[in-house]
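J.: One structure, pasted below without further comment.
Just so it is clear, none of the values below were taken in a lab; they were calculated from the coordinates. Please read all numbers here as calculations on a predicted model, not as lab measurements. Cβ: placed from backbone, ideal geometry, glycine included. Neighbour counts: every protein chain shown.
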Amino acid sequence: MKSKILLLLCPFILMADGGYDIVPRTINFIVFAAILYYFIANPIKNAYKGRIAGIAARLDNIEQKLKDSKAKKDDALRRVEEAKANAASLVETARKEAVLISERIKEETRQEVANLEKSFQDQKEFEKRRMVKSVVGEILNEIFASDSVKMDQSELINIMLKRVG
């Protein structure tokens, strides 16, 4: 086994030269780096530019969404202010209507009370006249029913006035 390992290491040992080959190795490295740059630089640049463009597109998209949401917020705030103004207007209108309805009901109630009072006064006058007629009728019936009492007209009027009055 040792011999096999030595056999494999032998070519490396034999090729290892004690010379100075730094200049050709440096030139080879520079050529290798130039070839590598020639083949890889454009794809790396394109990938980097694509990434920058993608980030810029996402940033623009986010900014547009931000503007849209701000516009929606402003619109919502404007509608809230309009709703508040409408609500205040509706409350004021409702108060005015309530006052008008209250005044109308008061006026109707006053009219109804006045009509009831007038009706009561008319009914009272009617009842008073009816009672006067009834009393006068009773007195006359009493007077005419008794033939023994003979009075003249002035005495009859005085008696009626005393009864009625």
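J.: Within the set of other residues whose C-beta is less than 14 Å from the C-beta of L77, count the net charge using Lys and Arg as +1 and Asp and Glu as -1.
T.: Working: positive: K70, K72, K73, R78, R79, K84; negative: D74, D75, E81, E82.
Cβ neighbours under 14 Å give a net charge of +2.
J.: With the Cα gyration tensor of region 1-134 in hand, convert its eigenvalues to equivalent ellipsoid semi-axes via √(5λ) and list them largest first in whole Å.
T.: 118, 20, 8
J.: For region 1-134, build the charge dipole from Cβ charges (+1 Lys, Arg; -1 Asp, Glu) around the Cα centre, then report which of A53, F32, N115 sits farthest towards its positive end.
T.: Checking the options against the dipole of region 1-134, the answer is F32.
J.: Here's a follow-up. Give me the distance in nm between label points sitting 7 Å out from Cα along the Cα-to-Cβ direction at I62 and A87, one decimal.
T.: Once both label points are built, they end up 3.6 nm from each other.
J.: Can you tell me which lysines have their Cα less than 22 Å from the Cα of K162? Leave out same-chain residues fewer than eight positions away.
T.: Partners within reach: K124, K128, K133, K150.
J.: Each label point is 7 Å from the Cα along the Cα-to-Cβ direction; what then is the distance between the points at N46 and Q111, in nm?
T.: 9.4 nm
J.: For region 85-105 and region 30-69, what is the centre-to-centre distance using only Cα atoms, to the nearest Å?
T.: 67 Å
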